Every structure is written in structure tokens, then in C-alpha cells.
1. Got a sec to turn the phi values of region 196-210 into Karplus ³J(HN,Hα) couplings, 6.51 cos²θ - 1.76 cosθ + 1.60 with θ = phi - 60°, whole Hz, x for Gly and Pro?
2. Lys pairs in the chain, Cα-Cα under 15 Å, at least 8 apart or on separate chains: how many?
3. Taking neighbour Cβ counts within 10 Å as the exposure measure, how do VAL84, VAL225 sort from fewest upward?
4. Of LEU145, GLY103, LEU58, which is farthest along the charge dipole of the chain in the positive direction, counting Lys and Arg as +1 and Asp and Glu as -1 at C-beta?
5. On alpha-carbon atoms, Rg over Rh for region 3-283 using Kirkwood Rh?
6. Using unit Cβ charges (K, R positive; D, E negative) and no other charged atoms, how large, in debye to the nearest 20, is the dipole of region 3-283 about its Cα centre?
7. Can you give the local net charge around ASN193? Use residues other than it whose beta-carbon is closer than 12 angstrom to its beta-carbon, Lys and Arg +1, Asp and Glu -1.
8. Going by C-beta contacts inside 10 Å, put ILE39, ILE44, ILE82, ILE267 in order with the fewest on the left.
Amino acid sequence: MNTTHLSASKWVKITAILLFIVIGSLIMIVFSPWRPLLISYQDILGRIGLAVLLGGLLYPFKRIQKLNPLFPIISALFIMIITVSVMYYTALFWAGKGLSATGPRGFALFKLNDMVVAFVVIIGLSRLLGFHPGDLYLQKGKVGLGLLLGLGTFALAAVTAVPSGIWLFKLDPAGLTGWRQWLPWLLLFVLANGAMEELLFRGLFLKKFEPLLGEFLSILTIGVVFTALHFGVSYTSDQFLFMGILIGLALLFGTVIQKTKSLWPAILFHAGMDISVMLGIFSNLH
């Protein structure tokens, strides 16, 4: 056995995981596209600094043989910080134009902004860095299986959304009286959010991790970080139960992508699971 190769392989795997956990969490927590932790000028300087740092690492990671296996991960992190920053500042722009997230329409339109920015920036920067839509799982894949899993899970989640919302997401049945008026906004929100989050996490990182970590460890690594970033949300009545369910769903989203070779079924699956969450939130808006 070549122990040098084995050691390098382990080093690459550990480094890839640590890069994603540390820098990915830094991006999504400190420079969050929704609730950043720094004040205005510190936030701007921090985002620019991290983008410049990651951008500066692209060339050596691409050209130096020992670093080259990590180039896709550095690339994805660079794309992530640019994406979430554009999401945040375009949302501030729309807020300055009078758009408010105090009702279903505002919630949905802000989320639509996030989705459009994510697709434009991630696909655009990926192409500039030499990646293709297939590297993001933006491809047809196994169409029949994808339709079955995507539409089937969406429908199942939709028909169970009310009891699920009451059980876990503080859904107030009395608050559903105007549901016909805000149902289109709810559907727009969940589809936009499912598309944005799947592309930003599993689309951007999954295929880049798979050659390094294998299929299961890739979806587990992404799933753990994705789940941890939801800790502390206010829309659930049982934080720890929600986290347990979410890590299971994150693994399922990744598995669906790998089995269908496409991101689209996971987007539908994810969107369906968000229906009960948004029913809970919308039913409590006053």
C-alpha cells in the first residue's frame, strides 16, 4: 500500500470538510444574506476581504498539483460569498424602494429576489471558473424517476402540511381564513426558497465533494452544516425535534439528487416540505 498517497488522500478529505464547515459557516452566519452580524461598514469590508482572499487562492489552488484537488471547494466558497452578498444588498435595495416583508407578498418577493440572484451569480461565476451546469446538477438526469420523486414528495408534503404545521410550526388554524388570497404567494415562496437553498448548498457543493469524500459523506457533510445553520429559528415549537427532522431531510435531498442525477426533484421535495413552515408563519401574521 502506498502510505504517502493514503496520507495525502486523508489530508485532502479533512481539509475539504474543514474548509466547508469553517468558511461556509462564516459566510452564512457572519455574512448572512438575511441577518448579518456586523454593522454596515464592517460588513462591507468583511465581505470584500473574504471575497478577495478566496479569489486570490483560486490561481494557486488550480495550478499547484498538491492543492488542485481542493480547487473546486475554494471555487464554490468564493461563489458562495459573492452570491450571498449580492442577495443581501439587492434585498436592501428593494427594501429601500418600499418592499416590506410584513405580509405574504413581501415574503415571496424577497425570496424570489434571492432565487434569481442565486441562479444568475452561481451559474455565471461557475461558467467563468470552468464549471458547467451539470457540475451543479442542473441537468435533466433521470427524468421519469425525477418526476416521480419530485412531484410525489411535493404532493405528500402538501396534503400533510396543515397537521404538520400545527404539530411543529405554530400553525394557528384560525389564521388560515384568508388562505385563498395568499396561497399563490406561499407557493412562490416555497418554490423560490427550495430552488435557492438547493442550488446554494447541494447544487454548488455536492458534485465537488463527491470525488473527494464519496457520495454518502458528501451529503452528510453538507447536510450537517445546512442543518446547523437553521439552529435558533423562531418558527418551530420544538427546536431539537426540528433539527433532527431537518438532518434527515437534508440527507434525503442529497440522496434524491444522486439517484436522479438532477437538482430539480430535490427542489420540488424541499419546496413541499417548506409548505407547513410557511403555513405556520403566514397564519400568525397580523
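1. Values per residue, Gly and Pro as x: 5, 5, 5, 5, 5, 9, 6, x, 6, 10, 4, 5, 6, 7, 4 Hz.
2. 12
3. Details: VAL84 23, VAL225 19.
Going from sparsest to densest Cβ surroundings: VAL225, VAL84.
4. Projecting each Cα onto the dipole axis, the largest value belongs to LEU58.
5. Numbers: Rg = 19.1 Å, Rh = 19.6 Å.
Using Cα coordinates only, the ratio equals 0.97.
6. On the way: 20 positive and 10 negative charges, 136 e Å.
Around 660 debye, computed over region 3-283.
7. Working: positive: LYS111; negative: ASP114, GLU197, GLU198, ASP274.
Net local charge, ASN193 excluded: -3.
8. Values: ILE39 8, ILE44 13, ILE82 21, ILE267 28.
Going from least to most buried by this count: ILE39, ILE44, ILE82, ILE267.
Rule-based calculations on the coordinates, nothing more; no lab input. Because the structure is a prediction, the values reported are computed rather than measured. Positions of Cβ are generated from backbone atoms using ideal geometry, with glycine treated the same way; all protein chains shown enter the neighbour counts.
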